[in-house]
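A quick write-up on the structure given underneath.
The values are calculated or read from the model by the stated rules, or taken from the named source; none is laboratory data. Values in this document were obtained by computation on a predicted structure and should not be read as measured data. Cβ coordinates were reconstructed from backbone atoms using ideal geometry, including for glycine residues, and neighbour counts include every protein chain displayed. Keep in mind that these areas ignore ligands, DNA and RNA; they rest on the heavy atoms of the full protein, side chains included. Shrake-Rupley method; radii C 1.70, N 1.55, O 1.52, S 1.80 Å.
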Amino acid sequence: LHGFLIFTIIICAIIQTLYQRLLLLAFIMLVFVQPRDDKNKIITWLHSVAMWTTFGLSIILQSLSIGVLSLSMILPRDVHIQGGLGRRTIGNWIALQSEKYFGIKTTIEDENAIVETSKKGGACIFAMEPHDIFGYGAAACHQKLERLPSGRVRDTMECLVSSAMVNAPILRQISYWMRCGPVQKTHFRRKLREKESVVFVPGGVKEVFLMDPNNNYLVLYLKKRKGFVKLALETGTPICPVFCFGLDGSFAHLIPRGPMINKLSELVGFTPLLYFGRWGIPFGIPRPQKIHVVFGKLIDVPFRDNVIEEDINYYHELFLTEMESLFERHKIHEEDYLGRTLKIM
């Protein structure tokens, strides 16, 4: 019996769902709460049935979880459900629920520039900050929400995320239905050459390590992020700085520090950390904070056959200046940001 108890506790550490945790908790309680009267065979029998039933159900659920995860890895990421159900129904439903949950508000400073880019058959790079634990502010760019003006820029939009997101079980299919792709240079370049728009968070997972809720400044890791500027010059694609107010603070978190952790995060595409969501639940859903996504003025980037370092530095510096200016222009309307500043590293 004690062996089964130890085995159950080990399973608890890797359990996937709340129902499994509850079943295993019930099993553990039944193990410790033994009938006092061993002579009453009916009570003893009922106790045994209840104990082993809860244990059996938890094992069945665990097996089903492993089966679903395995099936997700076997199936292709772009698995199609009959009638386009994946993107048209599931993806759109997730986007609409995100809009409702976070009360997403959007402000577009230069809507006409986006409309004109669409009319010319062009695309845009929407560089959004900050990253925080999850950059879910990018949901504001989803076609179903219709927050951006209609046209090619919005209709071709894809959110670029880390390789971990597009390779993890279950998430790989969900990210596809949500119109997400890998933020790899080859994929990024191909999207721009095909005149298709993208939204991504240039600060990446590196920014997660720099988060500190005790500071009155917000860290953006952007000074070394120049790759997207080079791609913009190679394809003549305008860059739109985007800032998401209300994103930071969605989770409480404990983040391990150190150079080894930094390298590991960059290697695997995500940060190993412990975070607490709504109601303080570990790895739970984010708190329903109101999000305000502000789209700045487009930065016109010329096409260059031979991209030189001077051009990259010039437009990168212009992007940093516009991002900081965008934050300062709109923080006066955000009560939680009035006394805060940006620290670009």
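Among (1) open to solvent by 20 Å² or more (accessible area, probe 1.4 Å); (2) modelled with pLDDT of 80 or more, where does GLY246 come up short?
Failed condition: (1).
Within region 308-315, is even one residue open to solvent by 70 Å² or more (accessible area, probe 1.4 Å), in a loop (DSSP other than H, G, I, E, B), free of Cβ contacts under 8 Å to residues at least 60 places away in the same chain and out of contact with any helix residue (DSSP H, G or I) (no Cβ under 7 Å at 6 or more places or on another chain)? Break it down into steps so the answer makes sense when it comes.
Going through region 308-315, the residues open to solvent by 70 Å² or more (accessible area, probe 1.4 Å) turn out to be 308-310, 314.
Filter once more, keeping what is in a loop (DSSP other than H, G, I, E, B): 308.
Checking the rest, the ones that are also free of Cβ contacts under 8 Å to residues at least 60 places away in the same chain come to 308.
Cutting the leftovers down to out of contact with any helix residue (DSSP H, G or I) (no Cβ under 7 Å at 6 or more places or on another chain) gives us 308.
Yes: region 308-315 contains one or more residues that are open to solvent by 70 Å² or more (accessible area, probe 1.4 Å), in a loop (DSSP other than H, G, I, E, B), free of Cβ contacts under 8 Å to residues at least 60 places away in the same chain and out of contact with any helix residue (DSSP H, G or I) (no Cβ under 7 Å at 6 or more places or on another chain).
Do any residues in region 94-114 that are aromatic (Phe, Trp, Tyr) have Cβ atoms under 7 Å from those of residues that are crowded, with 19+ Cβ neighbours inside 10 Å, where the two are at least six apart or on different chains, and which pairs are they?
What qualifies is PHE102/ILE291.
What are the residues in region 124-141 that are in contact with a strand residue (DSSP E or B) (Cβ under 8 Å, 6 or more places away or on another chain) and in a loop (DSSP other than H, G, I, E, B), if any?
CYS124, PRO130, ILE133, GLY135
Quick check on my filter: what residues within region 326-345 are touching a strand residue (DSSP E or B) at 6+ places or on another chain (Cβ under 9 Å) and open to solvent by 40 Å² or more (accessible area, probe 1.4 Å)?
Here is the first cut: in region 326-345, the ones touching a strand residue (DSSP E or B) at 6+ places or on another chain (Cβ under 9 Å) are 326-331, 333-334, 336-337, 340-345.
If the condition is that a residue be touching a strand residue (DSSP E or B) at 6+ places or on another chain (Cβ under 9 Å) and open to solvent by 40 Å² or more (accessible area, probe 1.4 Å), then GLU328, ARG329, HIS333, ASP336, ARG340, THR341, LYS343, MET345 are the ones that fit.
Would you tally the residues in region 152-194 being in a loop (DSSP other than H, G, I, E, B) and crowded, with 17+ Cβ neighbours inside 10 Å?
Restricting attention to region 152-194, the residues satisfying the condition of being in a loop (DSSP other than H, G, I, E, B) are 156-157, 162, 168-170, 178-179, 183-184, 194.
From the residues that got through so far, the ones that are crowded, with 17+ Cβ neighbours inside 10 Å too are 156-157, 162, 168, 178-179, 183.
Residues in region 152-194 being in a loop (DSSP other than H, G, I, E, B) and crowded, with 17+ Cβ neighbours inside 10 Å: 7 in total.
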